[in-house]
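What follows is one structure encoded as structure tokens, with my remarks underneath.
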Amino acid sequence: MQDPSDHGRELISFRIGAQEFCIGVNVVREIRGWTEATPLPHAPSYVRGVINLRGAVLPIIDMAERLGLPASEPTPQHVIIVAEIGAETVGLLVSAVCGILTATEQMIQPTPDIASGSSKAYVQGLLTIENRMIGLLCAETLVSRHLHAQQLEPA
């Protein structure tokens, strides 16, 4: 019997500034243009605020700031990846969506030991595809830490 991991998994790749990252396409619900977010008091700095998504409140996470890069200055070219991760639906603010990739487990290289602990918590591994270095993000870690941080904030 053939190992299902040999078939690979589909990933959606996107840019954050000059860097490229990806997450599993299975968590992506939709991709939409940038919409100004309403700030939330006492929210972590990487939470841009919330938007109304067809009657539902959608928190927007600035992926650049979440990953320790300079905060985004959204333009009309920025997009929000609406992701359903576990029981939560969140918007991931990114510079642009690049495309869909298929990667097998053998293509994923481990995150270097020199990376900081927080980087390794978010970046599961690295892919080299067509001379591009793409960081594979752990969506569950990004959101679970986001929710935990929000719950700890004073009301």
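Averaging 1/r across all pairs of distinct Cα atoms in region 11-149 and inverting the result yields a Kirkwood radius of 15.3 Å. Amide hydrogen proximity for I85: with H placed 1.01 Å from N in the peptide plane, the residues at 5 or more positions away or on another chain lying under 5 Å are V90.
Between E130 and L40, the contour length at 0.36 nm per residue exceeds the alpha carbon distance by 28.4 nm.
Label separation (N52 vs A71): 2.5 nm, computed from points 7 Å beyond Cα along the C-beta direction.
Convex hull over the Cα atoms of region 7-71, averaged projected area in nm²?
Computing the convex hull of the Cα atoms and averaging its projections yields 5.6 nm².
For region 59-129, what D do you get in µm² per second when you plug the Kirkwood radius from alpha-carbon pairs into Stokes-Einstein at 4 °C and 1.567 mPa s? Estimated diffusion coefficient is 92 µm²/s.
All of the numbers you see were taken from the coordinates with simple rules; none came from a lab. Since we're looking at a predicted model, the values are computed, not measured. Here Cβ is always computed from backbone atoms with ideal geometry, including for glycine, and neighbour counts include all displayed protein chains.
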